[in-house]
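Remarks on the structure that follows.
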Amino acid sequence: GAVVSQHPSRVICKSGTSVKIECRSLDFQATTMFWYRQFPKQSLMLMATSNEGSKATYEQGVEKDKFLINHASLTLSTLTVTSAHPEDSSFYICSAAPIDRNTEAFFGQGTRLTVV
Amino acid sequence: EDQVTQSPEALRLQEGESSSLNCSYTVSGLRGLFWYRQDPGKGPEFLFTLYSAGEEKEKERLKATLTKKESFLHITAPKPEDSATYLCAVQRGGSQGNLIFGKGTKLSVKP
């Protein structure tokens, strides 16, 4: 199956600093990638849709200035959590669907962010 | 409003004890219902996609079925390695990546 690689898998940062998370599709191209967040014992919640070459679309309640998304190529999207606070601690997961075939989306392995 | 509800929240089975997980959904025009498996600290792993009522799909010990209001994931003679959280999701937008997830059912299979 198709592979989506997410990096880093774990990160601990100090409150007030910024953290960048990368999402790469290794063997397919994706014009659209998705960023989800998962709090303990909660559903995966879609945060934003990342569109190659254009602005991301954010879900209601998600601050676009805090969660910066860049989708510079057909295989890479990045999520930057700016001025992180402890309440931003969560599990962040990206997904991507191949553009050349109608298949399910493939998920990365997730990034555990802890803000101290 | 589109919504996905899974039950039970947790399920403990003995090895070989078959059971079913439920996913109830309300969505304006179902485009696809998805089942994923998620291991602790990992991203979801795709299992099945169902598109229309009456559809069924199987993979090893798992079988997914779909009606107009709910989906079931049947687990036949489970093994300890089937222990995981099983997630149900419905497609919301044009892409299969735009999904609304339920909270999942955490399955534990004891030897």
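Some values worked out for this structure:
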{"item": "Modelled label reach - A:C13, point 7 Å along Cα→Cβ, the stretch A:60-86 residues with backbone N closer than 17 Å", "result": "A:63-71, A:77-86"}
{"item": "Computed over chain B, the ratio Rg/Rh where both radii use C-alpha atoms and Rh is Kirkwood", "result": "0.96"}
{"item": "For chain A, convex hull volume per residue from C-alpha positions, Å³", "result": "99"}
{"item": "Selected from A:P40, B:L73, B:T5, residue furthest toward positive end of dipole (the protein assembly as shown; charges at beta carbon)", "result": "A:P40"}
{"item": "For chain A, size of Cβ-based charge dipole, Lys and Arg +1, Asp and Glu -1, in debye", "result": "300"}
{"item": "Gain upon complete extension [A:Q60, A:S73; 0.36 nm per residue less C-alpha separation]", "result": "2.1 nm"}
{"item": "Largest-first principal axis extents of the Cα set of the protein assembly as shown (Å)", "result": "49, 37, 34"}
{"item": "Unit charges on C-beta of K, R, D, E only; dipole of chain B, Debye", "result": "100"}
{"item": "Set of lysines with alpha-carbon distance to A:K64 below 19 Å, sequence-local pairs under 8 removed", "result": "A:K20, A:K55"}
{"item": "Where labels lie 7 Å past Cα in the beta-carbon direction, separation of B:A53 and B:K68 in nm", "result": "0.3"}
{"item": "Proximal lysines relative to B:K63, as straight alpha-carbon distance under 29 Å, when same-chain residues fewer than 8 apart are discounted", "result": "A:K41, B:K42, B:K79, B:K103, B:K106, B:K110"}
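Readers should treat all values here as calculations from the given coordinates under stated rules, not as data from a laboratory. Everything numeric in this text was worked out from a predicted model, so none of it was measured. Positions of Cβ are generated from backbone atoms using ideal geometry, with glycine treated the same way; all protein chains shown enter the neighbour counts.
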